[in-house]
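Let me begin by presenting the structure, written as structure tokens, before commenting on it.
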Amino acid sequence: QNFAFNSVSIEGNARIEDETILSYLGVAQGEAVTAAQLNDAGQRIRATGLFENVEIIPQGSQLVIRVTEFPTVFRINFEGNSRLKDDDLFATIRSTERRIYSPTDVEQDVADITAAYAASGRINAVVTPRIIRLPDNRVNLVFEISENGVTEIERIGFAGNRTFSDRRLRNVLTTKQAGALRTFIGRDTYSPERLEFDKQVLTDFYQSRGFPDFIVQDVAVQLTSERDAFVVTYNVEEGQRYSIGGVSVTSELNDVVDLAAFNDVIRTRNGDTYSPVSIENDISRLEDLATRLGMQFVQVEPRIVRNEANQTLDLTFALVRGERIFVERIDIEGNNTTLDRVVRQQFRVVEGDPFNPRAIRQAAERIRSLGFFANAAVNTRQGSAPDQVVVDVDVVEAPTGSLSFGANYNTDDGFGLLASFRQSNFLGRGQSLNLSFSTAESNKYFQLSFAEPYLLGRNLRFGLDTNYVITNNEGADYDTETFTFKPSLGFAVSERGNLQTYVQTRYSDITNAVNGEVAPETFADSEEDGRWTQSVGYTYSFDSRRDGLDEETGYKLRFGQEFGFGDTQFVKTTASAGATTSVLNDALTLTATVEGGYLHYNKGDSSIVDRFFLRGSQMRGFSLYGMGPRYYDDSGATTVNDSLGGNAYAVARLEAEFPLGLPEEYGISGGAFVDYGSLWDPGFDCSGANYYYCDFTPRTIAGVSIFWDTPIGPLRFNFTEALDVQEFDETKGFDVTISTSF
Amino acid sequence: CSGYDPRAEGALETYTAEEIFQRGEFELDRNQADDAAFYFGEIERLYPYSEWAKRALIMQAYSYHKDKDYENSRAAAQRYLDVYPASDDAAYAQYLLALSYYDQIDEIGRDQGLTFQALQALRAVIELYPDSDYAQSSILKFDLAFDHLAAKEMEIGRYYLKRGHYQAAINRFRVVVEAFQTTSHTPEALHRLVESYLSLGLIDEAQTAGAILGHNYQSTDWYADTYALLTENGLQPNLIGDSWLAAVYRQMIRGEWL
Amino acid sequence: CVERIDRHGYTPEVSQIETVNLGSDRRDDVIAKLGQPTTGGVLDQGGLYYISYGMRHYGALAPKELDRKVVAVTFDGNGVARNVETFGVEQGRVVSLSRRVTDDNLRDTTLLRQLLSSIGNFDPTSVFGDG
């Protein structure tokens, strides 16, 4: 039957107003209402979650709504939690102070807190909520937590591994055995998801070393007798080790294809061990070639035929027609200060182009290597039509600048005041600006360097470096004053090589050298007044890892020449070549570098300021100006010890970097190195007395280093031992520098 | 200053809701907005049933907003809407919610995602409370936010146009002409379409775009440019007085687009 | 120097273009046969245009467009395909772009704001130098 009410009375509500309840009731005055509709109205009020219970009582022409409100939460606190702090727990729960108390929320909170504990390794933590009633329908909410004990992993073992040792496999896994510092390290606690992830890591490790059939049969996890730690055992089945048999390319496209061109792009050769990574690299080389030849929508599918007899895999790369998908839009979000174009120009793909996932991945890589973003997620979703795709770029900006005033202590230059403003994303335009000056008492300088990597929207890097340096050298008894101004243009000359061309004007002067306290030639240089030299030059640099297909071995080449013209004409040639490779399954990294320079004057001659001096990064173990041609005369009252620099230098460096067996989380690894090199030819005849080491006299330095990834940067501590040095060289046994990657 | 610490446990218990409310308003006038927000929050906790609690909640949202603490302002406004959806301040709460997104646009001008959220929140104010006095200023802010989105499409369109990717530029300018006709960018979008279609040789499309521009925006500079382009068919090589060096100065130093 | 040529856009092959029968196919039929158009006309009943071209990047030079191909499918009043033309860059006009920009009243990051926001960030190379 149905009702019609001309008045409504609401009882029991204190905080919630009548109009609020009426607005949810949805029944107008005098409106005919069936019992079912009345019931729905009640349901709507209950759904607000504001009331403990709701009764709808029709009394003749009046509708009575009796509600009891949920209390409001006065205070929330946690008792018994030590591993997870209050703030972390507040973040995980939904109930908040001053809001309505809701039992469903509290239930969810208990579950969330227990899950948070399980994720941090305490899988048998217990959480019980307690309510303390207060007057005026308010409550205090208390979560009582008993954490009882961390469950760590005591030992990780393997069964069925014939080719690789337990120790080697343990290094591959992300979950670690509980070591001496177990309380600090989080990764030795047992967590099921990480075990799943580790299974995948193990499979990838084996498959990329020639075991296509490798599987992890199961992972046995037993609790130790004292029930406070786990023993985890992976039993695996390696299967046969396969190598590559025949390699060929076929085309299933209807238009004519020059297969030979595709064939010689492939690097996998007959006899290599089977590795998905090298096949993936070949696929990307083949697809790049296809796009370069203007073939659209071509995808490469690897087809593998296994012959058990001689354990080889025949590999065929099939060129097939992919389906026609287009990039509809590229949307960039999260760039608060960075301009849209700075991110967009990292894409070689343009809106409307065919969709090529590899190109999108390479663009994502370039965006991340800009160094402006803490996180740059590039993913695709379907556009307005099934064959159209929208590329979403979500970036989170990271601080890209530093403004520091302070002191700078450097083992070579002593102590000094320093102000420097460095910004690698100046005004969000992707330009870099470094402005710094230092008043270190042995080395005052003002330095500005600016770079615009995409001049006029082209892939053309404009650079401007200028500095003004005054030094009163400890190593020698004269002062130098130099000013350089050097605009440059750099551009890519090939996929992995680029060329920088520059013009430079330079002023150099040597002042207040006292005759008798310095070498005669240096004193002669200081008598002449300052000299302006103009020069043009280029530097070609090649890096084998620039195209992103990083093989294990990488090599670099740098070759530069500077031509002085005008009243002093010279050719300054510098070159360096280096190679690095990792052996013993990426445990040991060997790096070899050869570096040299030659300064040849056809008009005028080199003054001390123009000549080469070897820096710590070129040859270790010497203090500033510590080696090379030298004028030494202790016959007079004061001994004269003046390093003359050289017009030529050559250095060879052999280095090895290896883990010290400490868990990776400490970020500490060890290294050893040998430097062999010389600096010679001061540019004048020095056959007289007191001149030493003017011709090629090689020095050898050996040393060990400690690499440490500290929060403020990767530091390198070098301990050096001079194996073969000259009498008057000034060596030093220890140095700290920022460790630069190869 | 005074040893009295209002945030100590139970310090405010002895005061009535009204006294705390006045203290909150006093803090607001001294524009200590974050302290004011704290006091209004305390009223809600100590006297959850009073009329003061309701007014304190909306004042709390306002104080957080004044203090540019947009997260808390949004939370407080949302709480008000949950508990008092039918009250007369609900329109203001919804408006504060919208402002919490909109006011951030100035600081983070470049980010498109935020502008979108501001538009949705402003539309809620306009649709749910059309006759409240906040609807009018919401409409104004809605148009401005809408204009920001159009500006973003134009910025990307010009990026592609300058680099000679005419089809990508056309697609972006078409979005502005179709989805953002009410914004101030439509005349420029139409002129850019003329430039792009002419560059591709699609003459009749260029003339269609020029006709629409002439019909609706006859008096703009953009129509003057289009008229010049169409009549001389854009044959003059490049702008007079545009040297290579001037281009470097404009783009690298001043950061302009061309 | 080595040149890099990026391929952009898409134009259907001649064999596909021939399948379009003028006078009867409508817009959806053409899209089904030739794929999504690279761009369209100003108004809804405008033409469907497929454009493909290469961009040659060579050292410091500005990227240069080469072998542009435009396939234009135009429709009559009631949306039936009227004509399919194919032409290259020769029909394109050299257009000087107007530098003016409609102001978007968005504040750019000023130098001062960026200076203030980077106070206190610590840059290790300033202390340890690069040796």
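Points to keep in mind about this one:
- Criterion applied to C:THR74, C:THR102, C:THR38 was being more than 27 Å from B:GLU232 (Cα to Cα) and within 14 Å of chain B (Cβ to nearest Cβ), and the one residue passing it is C:THR38.
- Considering residues of the stretch B:53-78 that are within 25 Å of A:ILE45 (Cβ to Cβ) and open to solvent by 30 Å² or more (accessible area, probe 1.4 Å) only, the residue farthest from the other protein chains (Cβ to nearest Cβ): B:ARG55
- Subset of the stretch A:636-659 [free of Cβ contacts under 8 Å to residues at least 40 places away in the same chain and surrounded by fewer than 16 Cβ atoms within 10 Å (Cβ to Cβ)]: A:ALA637, A:THR639
- Only one of the numbered conditions (1) open to solvent by 50 Å² or more (accessible area, probe 1.4 Å); (2) farther than 30 Å from A:ARG422 by Cβ; (3) of a type outside the set (Gly, Ala, Ser) is violated by A:MET295, and that is (1).
- Restricting the stretch C:1-41 to residues that are open to solvent by 10 Å² or more (accessible area, probe 1.4 Å) and of a type in the set (A, V, I, L, M), the residue that is farthest from B:ILE203 (Cα to Cα) is C:VAL2.
- In the set (1) open to solvent by 70 Å² or more (accessible area, probe 1.4 Å); (2) within 9 Å of chain B (Cβ to nearest Cβ); (3) not in a helix (DSSP H, G or I), C:TYR53 fails one condition alone, (1).
- For first residues located in the stretch A:1-28 and within 23 Å of B:TRP52 (Cβ to Cβ), partners that are among the polar types (S, T, N, Q) and lie 6+ apart or on another chain with Cβ distances below 6 Å form the pairs A:GLY12/A:THR68.
- Every listed requirement among (1) at the interface with chain C (Cβ under 10 Å from one of its Cβ atoms); (2) modelled with pLDDT under 90; (3) within 23 Å of A:ARG458 (Cα to Cα); (4) open to solvent by 60 Å² or more (accessible area, probe 1.4 Å) is met by A:TYR409 save one, (3).
- Restricting the stretch B:177-207 to residues that are more than 8 Å from chain C (Cβ to nearest Cβ) and in a loop (DSSP other than H, G, I, E, B), the residue that is surrounded by the most Cβ atoms within 10 Å (Cβ to Cβ): B:THR183
Results for (1) touching an Asp or Glu at 6+ places or on another chain (Cβ under 9 Å); (2) not aliphatic (A, V, I, L, M), shown as yes or no for each residue.
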position: B:GLN104; (1), (2): yes, yes
position: B:GLN136; (1), (2): no, yes
position: B:ILE139; (1), (2): no, no
position: B:HIS148; (1), (2): yes, yes
position: B:ALA151; (1), (2): yes, no
position: B:TYR159; (1), (2): yes, yes
position: B:HIS165; (1), (2): yes, yes
position: B:ARG174; (1), (2): no, yes
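- Tally of residues being under 56 Å from the mean Cα position of the chain (by Cα) and modelled with pLDDT of 85 or more across the stretch A:44-77: 2
- Verdict on B:ARG23 being open to solvent by 70 Å² or more (accessible area, probe 1.4 Å), touching a residue at least 12 places away in the same chain (Cβ under 8 Å) and not β-branched (Val, Ile, Thr): yes
- Yes/no for A:LEU22 being within 12 Å of another protein chain (Cβ to nearest Cβ) and open to solvent by less than 30 Å² (accessible area, probe 1.4 Å): no
- Residues of the stretch A:9-19 classified as more than 21 Å from B:ASP88 (Cα to Cα) and open to solvent by 40 Å² or more (accessible area, probe 1.4 Å), total: 2
- Test: residue in the stretch C:108-115 that is closer than 29 Å to B:ASP147 by Cα, within 11 Å of another protein chain (Cβ to nearest Cβ) and surrounded by 18 or more Cβ atoms within 10 Å (Cβ to Cβ): yes
- For the stretch A:605-618, the criterion of being over 43 Å from the mean Cα position of the chain (by Cα), surrounded by fewer than 20 Cβ atoms within 10 Å (Cβ to Cβ) and not in a loop (DSSP other than H, G, I, E, B) is satisfied by no residue at all.
- Out of A:TYR502, A:TYR468, one residue alone is open to solvent by 20 Å² or more (accessible area, probe 1.4 Å), touching an Asp or Glu at 6+ places or on another chain (Cβ under 9 Å) and closer than 16 Å to C:ALA60 by Cβ. It is A:TYR502.
Rundown of residues vs (1) in a loop (DSSP other than H, G, I, E, B); (2) of a type outside the set (A, V, I, L, M, F, W, C); (3) within 14 Å of chain B (Cβ to nearest Cβ); (4) touching a His at 6+ places or on another chain (Cβ under 7 Å), yes/no style:
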position	(1), (2), (3), (4)
C:ARG7	no, yes, yes, no
C:GLN45	yes, yes, yes, no
C:ALA62	yes, no, yes, no
C:SER96	yes, yes, yes, no
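- Inter-residue pairs, beta-carbon under 8 Å, first among the β-branched types (Val, Ile, Thr) and in the stretch A:188-209, second in a loop (DSSP other than H, G, I, E, B) and at pLDDT 85 or above, 6+ apart: A:THR203/A:PHE214
- Counted residues, the stretch A:52-75 - those being crowded, with 18+ Cβ neighbours inside 10 Å, within 30 Å of A:PRO135 (Cβ to Cβ) and in contact with a Ser or Thr (Cβ under 8 Å, 6 or more places away or on another chain): 3
- Any hit, the stretch B:235-245, residues being surrounded by 15 or more Cβ atoms within 10 Å (Cβ to Cβ) and either at pLDDT below 85 or within 8 Å of chain C (Cβ to nearest Cβ) (or both): no
- 1 or more residues of a type in the set (Phe, Trp, Tyr): qualifying helices (runs of 4 or more DSSP H) within the stretch A:1-100: A:18-25, A:86-92
- Taking the stretch A:250-363 as the region of interest, none of the helices (runs of 4 or more DSSP H) fully inside it holds 2 or more residues being at pLDDT below 85 and within 14 Å of chain B (Cβ to nearest Cβ).
- Subset of the stretch A:364-404 that is in a loop (DSSP other than H, G, I, E, B) and under 30 Å from C:THR38 (Cα atoms) - its residue that is most open to solvent (accessible area, probe 1.4 Å): A:PRO386
- Matching residues, the stretch B:155-176, being surrounded by fewer than 23 Cβ atoms within 10 Å (Cβ to Cβ), under 20 Å from the mean Cα position of the chain (by Cα) and either more than 7 Å from every other protein chain (Cβ to nearest Cβ) or modelled with pLDDT under 90 (or both): B:VAL175
- Leading residue by the ranking (farthest from B:ALA135 (Cα to Cα)) among those in the stretch B:79-114 that are within 14 Å of chain C (Cβ to nearest Cβ) and polar (S, T, N, Q): B:GLN112
The values are calculated or read from the model by the stated rules, or taken from the named source; none is laboratory data. Bear in mind the structure is a predicted one, so any value in this text is a computation, not a measurement. Every residue, glycine among them, receives a Cβ derived from its backbone with ideal geometry; neighbour counts consider all protein chains shown. Calculation scope for accessible area: heavy atoms of the full protein, side chains included, ligands and nucleic acids excluded. Shrake-Rupley method; radii C 1.70, N 1.55, O 1.52, S 1.80 Å.
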